[in-house]
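Just below is one structure, and these are the notes that go with it.
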Amino acid sequence: MVKVAVLGAGANGASIGADLTAAGVDVTLIEQWPAHAEAMRERGVTINMPDRTLVQPVDVRHLCQVAELREKFDVVFMLMKAYDSGWAAQLIEPHLAEDGILVGVQNGMTADTIADVVGAHRTLGCVIEISSMMFEPGVIERNSGPDRSWFALGSIDASTRGREEEVAALLRRTGAVDIVDDIRSAKWMKLVSNSTTLVTTAILGLPMLEAVAQPGMRELMVRSGQEALDAGRAQGYSVLPIFGLTADAVADYDSVVETLLDALLEGFVLPQTKTTILQDWVKGRHSEVDDINGAVVAASAEHGLSAPVNATVVELAHRIERGDLQPGPQNLTLLREFAAR
């Protein structure tokens with residue numbers, strides 16, 4: 001039987017691990033939050049979905065127990081934060097089979113960071129769209145169940161071409177899967193969507209749908225996404241459909257950002273959905289802003305482009321993380337003023 005690990009069993013990781021376990025896959029969850037790991041070990045993981053609740057016993061190890069593992073994993077799904085990718089790949093590399101695959105199921109452009117550690121011949125890139133939240137150890141609020149979750153998988157090196165289906169067969173237990181030829185471009189397209197929505201709405205301290213409805217907010221979000229799309233084009237990335245869209249849906253370059261935004265809001269987001277960035281801030285944690293909007297600012301500068309909205313988002317996010325600013329609707333004025341500079 002294929003041995004699988006989920007490295008980073010937070011809201012999304014635990015959801016994936018529970019679905020795979022329920023399907024009979026041999027899965028080990030590895031988690032760094034002690035209270036969450038213990039809750040799952042004692043009571044299983046509870047996944048509350050719009051149409052049902054899954055309570056699933058799971059095999060859980062704390063991060064400090066990785067050194068005790070004796071088995072080698074055939075597939076590792078890594079759902080750590082983008083900024084943790086390097087050290088997390090180093091941590092799990094001794095436990096990845098020689099012909100195993102490490103899949104970066106993450107935001108940000110992490111595939112090459114992973115490949116630098118385990119080798120491109122053992123790396124697949126992945127785009128994920130699951131809407132979920134976790135505030136209580138062992139309990140996940142998964143707003144988009146398996147019928148409304150989506151993944152894209154792809155190789156970054158010729159050595160893994162043809163092996164994508166091995167991983168796709170697993171992920172289909174927890175969502176729809178597309179196999180793509182250009183995973184780096186697909187990852188950047190997700191970054192375009194993330195730049196549009198994740199940090200921008202978190203700055204207002206509101207669920208995503210409520211934030212988008214604020215006067216002038218949608219326009220700012222679309223500008224942020226357009227800067228990201230333009231930065232991607234400057235780097236040579238292709239415009240690809242994600243979220244299960246068709247190529248025709250993203251054929252008009254000028255409307256791509258709005259198309260992605262509408263697909264996300266209509267297909268994956270519920271009224272109570274708070275972005276992963278806002279969840280991090282509520283918990284007092286550092287966010288992935290530098291790997292999302294910060295990546296847009298850096299790429300834009302490298303190619304002589306301007307990205308004032310993304311630069312503003314990064315600046316305000318850093319102020320929030322320093323404790324100089326609180327997330328809230330009042331920050332919409334700052335977003336407007338700063339982005340206009």
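The values are calculated or read from the model by the stated rules, or taken from the named source; none is laboratory data. Here the structure is a predicted model, which means the values were calculated and not measured. Please note: Cβ atoms are built from the backbone with ideal geometry, for glycine as well, and neighbour counts cover all protein chains shown.
How do the pairs read when you match residues in the range 257-277 that are within 15 Å of residue 140 (Cβ to Cβ) with residues anywhere that are of a type in the set (Asp, Glu), using Cβ under 8 Å and keeping only pairs 6 or more apart or on different chains?
272/141; 276/288
Write out, first by first residue and then by second, each pair whose Cβ atoms fall under 7 Å of each other, whose residues are 6+ apart or on separate chains, and whose first residue, in the range 73-95, is assigned by TED's automatic domain parsing to the domain that holds residue 62 and crowded, with 17+ Cβ neighbours inside 10 Å while the second is assigned to a strand (DSSP E or B) and of a type in the set (Phe, Trp, Tyr).
Here the result reads 95/73, each pair linking the range 73-95 to a residue that is assigned to a strand (DSSP E or B) and of a type in the set (Phe, Trp, Tyr).
Within the range 229-244, work out how many residues are farther than 14 Å from residue 193 by Cβ and part of a loop (DSSP other than H, G, I, E, B).
Qualifying residue count, the range 229-244: 2.
I'd like to verify a number: residues in the range 1-49 that are assigned to a loop (DSSP other than H, G, I, E, B) and not aromatic (Phe, Trp, Tyr), how many?
Within the range 1-49, the subset assigned to a loop (DSSP other than H, G, I, E, B) is 1-2, 8-10, 23-25, 32-33, 44, 49.
Now drop any that are not not aromatic (Phe, Trp, Tyr), which leaves 1-2, 8-10, 23-25, 32, 44, 49.
Residues in the range 1-49 being assigned to a loop (DSSP other than H, G, I, E, B) and not aromatic (Phe, Trp, Tyr): 11 in total.
Cβ contacts < 6 Å: first residue at positive phi and not assigned by TED's automatic domain parsing to the domain that holds residue 218, restricted to the range 181-205; second residue among the small types (Gly, Ala, Ser) and assigned to a helix (DSSP H, G or I), any location; separation 6+ or different chain. Result?
none
Would you point out the residue of the range 35-60, among those that are more than 24 Å from residue 272 (Cβ to Cβ) and in contact with a helix residue (DSSP H, G or I) (Cβ under 9 Å, 6 or more places away or on another chain), that is surrounded by the most Cβ atoms within 10 Å (Cβ to Cβ)?
Taking the range 35-60 and keeping what is more than 24 Å from residue 272 (Cβ to Cβ), we get 37-38, 41-42, 57-60.
The next check asks that each one be in contact with a helix residue (DSSP H, G or I) (Cβ under 9 Å, 6 or more places away or on another chain); those that pass are 37, 57-60.
On the way: 37: 22, 57: 14, 58: 21, 59: 14, 60: 25.
Residue satisfying both the conditions and the ranking: 60.
Please go through the range 242-261 and pick out each residue that is loosely packed, with under 15 Cβ neighbours inside 10 Å and within 21 Å of residue 231 (Cα to Cα).
247, 251, 252, 253, 254, 255
Looking at the range 181-210, which of its residues are under 17 Å from the mean Cα position of the chain (by Cα) and hydrophobic (A, V, I, L, M, F, W, C)?
183, 186, 188, 189, 191, 192, 198, 199, 202, 208
Could you run through the range 319-333 and say how many residues are over 13 Å from residue 216 (Cα atoms) and part of a helix (DSSP H, G or I)?
Looking only at that region, the number is 4.
Got at least one residue in the range 133-155 being more than 29 Å from residue 44 (Cα to Cα) and touching a residue at least 24 places away in the same chain (Cβ under 8 Å)?
yes
Kindly indicate the residue of the range 262-280 that is outside any helix (DSSP H, G or I) and among the polar types (S, T, N, Q) and also surrounded by the most Cβ atoms within 10 Å (Cβ to Cβ) among those meeting that condition.
Once the filter is applied, the top-ranked residue is 275.
Identify all residues within the range 299-325 that are under 17 Å from residue 287 (Cβ atoms) and exposed (fewer than 15 other Cβ atoms within 10 Å of the Cβ); write none if there are none.
322, 323, 324
Determine whether the range 281-291 contains at least one residue that is closer than 26 Å to residue 229 by Cβ, of a type in the set (S, T, N, Q) and in a helix (DSSP H, G or I).
no
Mind telling me which of the residues 35, 39, 82, 67 ends up being of a type outside the set (Val, Ile, Thr), more than 17 Å from residue 174 (Cβ to Cβ) and touching a Ser or Thr at 6+ places or on another chain (Cβ under 6 Å)?
Of 35, 39, 82, 67, the one residue that is of a type outside the set (Val, Ile, Thr), more than 17 Å from residue 174 (Cβ to Cβ) and touching a Ser or Thr at 6+ places or on another chain (Cβ under 6 Å) is 82.
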